[in-house]
Amino acid sequence: MQEQYGAESNEIYFTSCGSESDNLAIKGIMRCNKDKGNHIITSKIEHPAVLNTCHSLENEGYKVTYLSVDEDGIISLDELENSIQNTTTLISIMFANNEIGTIEPIKQIGEIAKRHSILFHTDAVQAIGNIKINVNDYNIDLLSMSGHKLYAPKGVGALYVREGINFQKIQDGGHQENDKRAGTENIAGIVGLGRAIELINKNFDEYNNKLITLRNYYIEEVEKRIPDAKLNGHRFKRLAGNCNFSFPNIEGEELLLRLDEKGICASTGSACSTGSTSPSHVLLAIGLPSNLAQGTLRVTFGDENTKEDVDFLLQALEEIIVN
Ligand code: PLP
């Protein structure tokens, strides 16, 4: 474990989920370093667990820069470097995006952070299990993860914090987790998380190669069968099982319902709130026009999926969209 991830057990703090790990990392670092500076750099396409944590810190007087992304969802390293101020305390950029699958240039971000002596946090909830991550190779100071993305039980997450970096706890109570995260630990969940990581690492390449093959096949076939479909996210620098397409002339919600009738479970690129559907902040950030953003379908393949499943999905999409 130490060898693969570069993390020691005393650098791991167990939490209830990825969202809590993001909160603990960002609030914990900023509140502990008030005298150093009050500026955070993040991106516009982070998960709400990071974005809303930053919004909440803005209400406390902290300053946040939200980096834009290009049409593939990748941040600009120049913009990152130009955004650094002498009050910048933390850079928080996700390892890979949950909607469009794009993998960020984490190594270069880590190098920039190190060069400027700024702490670097990454939300790796989607990346752990898909990408081999050694925190030392990437200069990562803090890393958030979540159990259920790795086939561990729901209700467990973890935060890696490099030894020697102090952070403030965000929850008062007992002295669990080295006095950094009060509350009785979810022991069954933690054991499940450990076992899930062991199992994934046993067949890491086989598992990921299988997902990449299914993903590439799906992407190629969608583009062949539905020529005006638009792939969202980077074609190659993307999570193994993630596929995200926009289809003109169909609403994502309708597509989802019709796929559901056929027993296919996917998600749209819309955020539903109070009965209205608006395009997701990620799709808007990559500059997708709203007619395309409304017709977005995200499919993620997992361990149990087969080529037959992909063929079934492709046929269903053709029936719904083309016919
Ligand atoms: N960050 C990312 C990138 C995610 O995809 C998710 C969940 O989907 C989270 C954070 C939140 O994790 P959790 O659901 O464990 O709170």
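The values are calculated or read from the model by the stated rules, or taken from the named source; none is laboratory data. In this text the structure is predicted, and so the values were computed from the model without any measurement. When we count neighbours, we look across all protein chains shown, and the Cβ atoms used for this are built from the backbone with ideal geometry, even at glycine. Calculation scope for accessible area: heavy atoms of the full protein, side chains included, ligands and nucleic acids excluded. Shrake-Rupley method; radii C 1.70, N 1.55, O 1.52, S 1.80 Å.
From the list Ser19, Ser56, Ser68, Ser43, pick out the single residue that is over 26 Å from Gly147 (Cβ atoms) and small (Gly, Ala, Ser).
Values: Ser19 fails: over 26 Å from Gly147 (Cβ atoms); Ser56 fails: over 26 Å from Gly147 (Cβ atoms); Ser43 fails: over 26 Å from Gly147 (Cβ atoms).
It is Ser68.
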Original post:
Exactly one of (1) part of a strand (DSSP E or B); (2) under 19 Å from Asp72 (Cβ atoms); (3) not aliphatic (A, V, I, L, M) is unmet by Gly287. Its number?
Top reply: (1)
Original post:
Residue check, Leu313 against (1) closer than 21 Å to Asn97 by Cβ; (2) in a helix (DSSP H, G or I), all met but one. Which one?
Top reply: (1)
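Here's the yes/no breakdown for (1) surrounded by fewer than 20 Cβ atoms within 10 Å (Cβ to Cβ); (2) farther than 16 Å from Met94 by Cβ; (3) touching a Ser or Thr at 6+ places or on another chain (Cβ under 8 Å):
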position: Met30; (1), (2), (3): no, yes, yes
position: Gly37; (1), (2), (3): yes, yes, yes
position: Ile40; (1), (2), (3): no, no, yes
position: Lys44; (1), (2), (3): yes, no, yes
position: Val50; (1), (2), (3): no, no, yes
position: Glu58; (1), (2), (3): yes, yes, no
position: Val64; (1), (2), (3): yes, no, yes
position: Asp72; (1), (2), (3): yes, no, yes
position: Leu77; (1), (2), (3): yes, no, no
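To keep it simple, each residue is scored yes or no on (1) without any contact (Cβ under 8 Å) to a residue 40 or more places away in the chain; (2) within 16 Å of the ligand (Cβ to nearest atom); (3) out of contact with any Cys (no Cβ under 8 Å at 6 or more places or on another chain).
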{"site": "Glu99", "(1), (2), (3)": "no, yes, yes"}
{"site": "Lys114", "(1), (2), (3)": "yes, no, yes"}
{"site": "Thr122", "(1), (2), (3)": "yes, yes, yes"}
{"site": "Ile140", "(1), (2), (3)": "yes, yes, yes"}
{"site": "Ala152", "(1), (2), (3)": "no, yes, yes"}
Subject >> Cβ-Cβ under 8 Å pairs, at least 6 apart or on other chains, the range 47-65 side under 17 Å from Cys32 (Cα atoms) and assigned by TED's automatic domain parsing to the domain that holds Val125, far side among the charged types (D, E, K, R) and open to solvent by less than 40 Å² (accessible area, probe 1.4 Å) >> reply: Thr53/Asp22; Thr53/Lys27; Cys54/Glu46; Ser56/Lys27; Leu57/Lys27
Original post:
In the range 6-28, how many residues are open to solvent by less than 30 Å² (accessible area, probe 1.4 Å) and either aromatic (Phe, Trp, Tyr) or touching a His at 6+ places or on another chain (Cβ under 7 Å) (or both)?
Top reply: 3
Original post:
For the range 154-170, how many residues meet the condition of being touching a residue at least 60 places away in the same chain (Cβ under 8 Å) and more than 11 Å from the ligand (Cβ to nearest atom)?
Top reply: 11
Original post:
Which residue pairs have Cβ atoms closer than 6 Å, lie 6 or more positions apart in sequence or on different chains, and pair a first residue in the range 240-260 that is among the hydroxyl-bearing types (Ser, Thr, Tyr) with a second residue that is part of a strand (DSSP E or B) and open to solvent by 20 Å² or more (accessible area, probe 1.4 Å)?
Top reply: Ser246/Lys230
Original post:
Looking at (1) modelled with pLDDT of 95 or more; (2) in contact with a strand residue (DSSP E or B) (Cβ under 9 Å, 6 or more places away or on another chain), which is the only condition Ala271 fails?
Top reply: (1)
Original post:
Any idea which residue in the range 127-138 is nearest to the ligand (Cβ to nearest atom), counting only those that are aliphatic (A, V, I, L, M) and touching a Gly at 6+ places or on another chain (Cβ under 9 Å)?
Top reply: Ile133
Subject >> Hits in the range 14-37 - residues which are in contact with a strand residue (DSSP E or B) (Cβ under 8 Å, 6 or more places away or on another chain), more than 12 Å from the ligand (Cβ to nearest atom) and not in a helix (DSSP H, G or I) >> reply: Phe14, Asn33, Lys36, Gly37
**OP:** Within the range 118-129, identify whether any single residue is touching a helix residue (DSSP H, G or I) at 6+ places or on another chain (Cβ under 8 Å), among the charged types (D, E, K, R), buried (at least 24 other Cβ atoms within 10 Å of the Cβ) and modelled with pLDDT of 95 or more, and answer yes or no.
**Re:** yes
